[in-house]
Amino acid sequence: MSVYINGISMLTPVGAELQELWEHLHQGDVQSPVQAVKIPPFRYGKVLRRMDRFSTMALYGAFKAVEDAAIEGYDPFDVGTVFNSIYGPLSTTLNFGQFVINGQPELASPTMFSGTVNNACLGHVCIHLGVKGPSTMLLCSNYIGYSAELIQRGKAKAVIAGGLDEYYQALFDEFIQLGYPVGEHAVTLVMANESNEHTYCEWICSLEGNLGGHPYITPLFQGERSRIESIMRGVIQKAELNFDDIDGVITATGHLDIYSTEVDAIRGLFNNQVRIINPKKRVRDALGANEGMNVGIGATILKQQKIPELLLDQGEDLGVASISVLLVNHYDVSGGFTSCVIKAVS
């Protein structure tokens, strides 16, 4: 069964809307501060007073992606929700933990306590958007691939797939000291079994592996080129494509050591005959939204048929007239490395 990406929402340090981010990338006006992103006002003003930042980010992303996709007409039981994070509602959890450390957990707000549950954000999304299909919260996972699998197996006709991690200064400072440029993001995609006038691209397939480490856990970790090559080669074979069918590869991370290993693997596999696209060098790594960030940017490239020059590894295009197929990589702090193939729709 075919799977299409019909809606995208990106809350990023560069822009709070996909269009805003896209314009900044094309204009070369990219400011990516390491701080909490300002969430624009949206429909659920009164409701937000009872929600923490993590759930607010999740609801904002889901609302804007559904708005972009225009998925009216689906039975609520046919629309699933799959969200992904690395740390979950970190600020709420640590704030509640302080009450526990002080021996006074009963003084914490019941709303605060309920917000410490990782999937509390999903409850808000399902309630306020009125969706009732399969729903799950993942940690450090291929959440877009999992969402596509729900559709392919007939468990859902559409899935709201969101990835996010909120800004927490101490944690982000640690990442940055290790050369891992991170930023607060919430990236949400609406995936469906049918295309429409809003469709960005078709999602073909994905393949997962593990590099055996991550620079945040294992300092100076660089990964093995052969493992990255094996995953990329495998997903191209799974998609029943040839190497020369791939018009560009979106790299997984902004960390220089892993990026260097990955680029070596790409150049080796494709004999230097493919565009290398690196969103993270401009938009920062997105932790739980890393996969969504890369797939979302790749889907927009396929729809717009244009790559922002800032994102090209060599700063120049290879001159191919059209962009039909992209290979998109993803890497997370568990060492997981995923490659997927997305394709333009006619």
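Computed from the coordinates by the stated procedures, all read-outs in this text should not be read as laboratory data. What you see is a predicted model, and the numbers here were worked out from it, not measured in a lab. Note that we place each Cβ from the backbone using ideal geometry, even for glycine, and neighbour counts take in every protein chain shown.
Packing-wise, with mean Cβ within 10 Å as the measure, how do 2-15, 286-299 rank, highest first? Intermediate values should be presented prior to the final figure.
Working: 2-15: 24.8, 286-299: 28.2.
Result, highest mean Cβ count within 10 Å first: 286-299, 2-15.
Kindly rank 141-151, 39-49 from highest to lowest mean number of other beta carbons found within 10 Å of each residue. Show your work: numbers first, answer last.
Values: 141-151: 23.2, 39-49: 12.0.
For the peptides 141-151, 39-49, the packing ranking is 141-151, 39-49.
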**Q.** Cα centroid separation, the range 147-216 to the range 80-146 (Å)
**A.** 17 Å
Q | Calculated log₁₀ intensity ratio I(q)/I(0) where the Debye formula runs over C-alpha points of the chain, q = 0.11, 0.13, 0.14, 0.15 Å⁻¹ | A | -0.67, -0.95, -1.11, -1.28
Q. If you line up the Cα atoms of the range 3-192 on their principal axes, what length do they span on each, largest first, in Å?
A. 50, 44, 32
Q) Given H placed 1.01 Å from N in the peptide plane, which residues other than close sequence neighbours of D285 have an amide H under 5 Å from its amide H? A) V182, G183, G254
Q | Helix 256-270 axis, angle to the chain major axis (alpha carbon atoms, nearest 10°) | A | 40 degrees
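With N set to the residue count of the range 226-346, report its C-alpha Rg divided by 2.2 N^0.38 Å to two decimal places. Kindly include the intermediate steps, with their values, before the conclusion.
Numbers: Rg = 13.0 Å, N = 121, 2.2 N^0.38 = 13.6 Å.
Its radius of gyration relative to the 2.2 N^0.38 Å reference: 0.95.
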Q. To the nearest 500 deg cm²/dmol, what mean residue ellipticity at 222 nm is calculated for the chain from DSSP H runs of n ≥ 4 alone, each contributing -39,500 (n - 2.57), summed and divided by the residues?
A. -10500 deg cm²/dmol
Q) Karplus couplings for the range 10-19 from phi (6.51 cos²θ - 1.76 cosθ + 1.60, θ = phi - 60°), rounded to Hz, Gly and Pro as x? A) 9, 9, 9, x, 8, x, 8, 9, 4, 4
(Q) Rounding to the nearest 10 and keeping the result within 0 to 90°, find how far the Cα-based axis of helix 143-152 lies from the longest principal axis of the chain. (A) 80 degrees
Q. Taking Cα atoms, how many degrees apart are the long axis of helix 90-101 and the longest axis of the chain, rounded to 10 and kept between 0 and 90?
A. 40 degrees
Q) Which order do peptides 98-104, 133-139 fall in by mean Cβ count within 10 Å, highest first? A) 133-139, 98-104
Q | Mean Cα-pair separation over length for the chain, i.e. relative contact order, pairs under 8 Å, 6 or more apart, % | A | 23 percent
**Q.** For I250, residues with placed amide H under 5 Å, excluding near neighbours
**A.** I277, L327, V328, N329
Q.
Cα atoms only: what Rg and Dmax, in Å, come out for the range 8-97?
A. 15.2, 44
Q. In sequence order, what are the phi-derived ³J(HN,Hα) couplings for the range 249-255 according to the Karplus relation 6.51 cos²θ - 1.76 cosθ + 1.60 with θ = phi - 60°, rounded to whole Hz, with x for glycine and proline?
A. 10, 8, 6, 6, 8, x, 5
**Q.** Nearby lysines by direct alpha-carbon distance to K303 (threshold 26 angstrom, same-chain neighbours under 8 apart not counted)
**A.** K64, K157, K238, K280, K281, K343
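Averaging sequence separations of C-alpha pairs under 8 Å and six or more residues apart, then dividing by the length of the range 199-346, give the relative contact order as a whole percent.
Values: 282 pairs, mean separation 56.8, N = 148.
Answer for the range 199-346 is 38 percent.
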Q. Arranged by the count of other C-beta atoms within 10 angstrom, fewest first, what order do I301, I160 take?
A. I301, I160
